[in-house]
Amino acid sequence: MRRSSVVVLVVLLFLAGGCYATVPQERASPFLSCAEWIDSNGDGKVNPEECSTRSYYPVYRNICFMGEIDRPFGTQISWTLLAPDGTVIDQGGATHFRDNRVPADIRVYRHTYAVRDLLEQAGPGLWRMEWFAGNDKLGESTAKLVW
């Protein structure tokens, strides 16, 4: 009898844990860098197989900094491109709007640069694109650029 009580208790704990696991959780917004992104399935979302990512980006390539952002429409989205020494190279902003191909409030933002232009401005190293919603930093995309 004692063993069956333990089994029942374990089953009840498992079921209770399962109930908690079904509670929806907020979706994380991915941030990445790649040589290019081709939305091959037309869903407006970033899928790993659609990005040609690299461990580093040489002078003859382009670099695309991307952020898949999930925020309410009308939110002010901004970005800042930082050189390896922290110098601001580029920045901008936009009002978050609906992409009709994608359900919910998700939208992909991307900025493409010629690696040669960035290297001529501030040299090789780890470059960062920081992404913001209002004053809140959402994340960053990084890329190692080399000559």
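The values are calculated or read from the model by the stated rules, or taken from the named source; none is laboratory data. As the structure is a prediction and not an experimental result, all values here were calculated from the model. As a convention, Cβ positions derive from the backbone with ideal geometry for all residues, glycine included, and neighbour counts pool all protein chains shown.
Brief remarks follow.
Listed here are the residues, each with its yes/no results for (1) out of contact with any Pro (no Cβ under 7 Å at 6 or more places or on another chain); (2) aliphatic (A, V, I, L, M); (3) surrounded by 13 or more Cβ atoms within 10 Å (Cβ to Cβ).
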site	(1), (2), (3)
Glu68	no, no, yes
Leu126	no, yes, no
Ala133	yes, yes, yes
Ser141	yes, no, yes
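- Meets criteria (in contact with a strand residue (DSSP E or B) (Cβ under 7 Å, 6 or more places away or on another chain), modelled with pLDDT under 95 and among the basic types (Lys, Arg)) for Arg101: no
- Residues that are under 12 Å from Ile69 (Cβ atoms), part of a strand (DSSP E or B) and either within 18 Å of the chain's Cα centre (by Cα) or at pLDDT 95 or above (or both) do occur in region 116-132.
- Any chance Asp39 is surrounded by fewer than 17 Cβ atoms within 10 Å (Cβ to Cβ), within 21 Å of Leu145 (Cα to Cα) and of a type outside the set (Ser, Thr, Tyr): no
- With respect to the conditions (1) of a type outside the set (Phe, Trp, Tyr); (2) in a loop (DSSP other than H, G, I, E, B); (3) surrounded by fewer than 14 Cβ atoms within 10 Å (Cβ to Cβ), Gly44 falls short on a single one, namely (3).
- Hey, Tyr20 more than 15 Å from Glu140 (Cα to Cα), exposed (fewer than 10 other Cβ atoms within 10 Å of the Cβ), at pLDDT 85 or above and not polar (S, T, N, Q) or not: no
- Selection status of Phe73, in contact (Cβ under 8 Å) with a residue 24 or more places away in the chain, more than 17 Å from His111 (Cβ to Cβ) and of a type in the set (A, V, I, L, M, F, W, C): yes
- Scanning region 68-94 for residues that are modelled with pLDDT under 90 and assigned to a strand (DSSP E or B), we see that the one that is farthest from Trp37 (Cα to Cα) is Asp70.
Residues are listed down the side, and each one gets a yes or a no for (1) touching a residue at least 24 places away in the same chain (Cβ under 8 Å); (2) closer than 30 Å to Phe73 by Cα; (3) basic (Lys, Arg):
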residue: Arg110; (1), (2), (3): yes, yes, yes
residue: Arg116; (1), (2), (3): yes, no, yes
residue: Leu119; (1), (2), (3): yes, no, no
residue: Ala133; (1), (2), (3): yes, yes, no
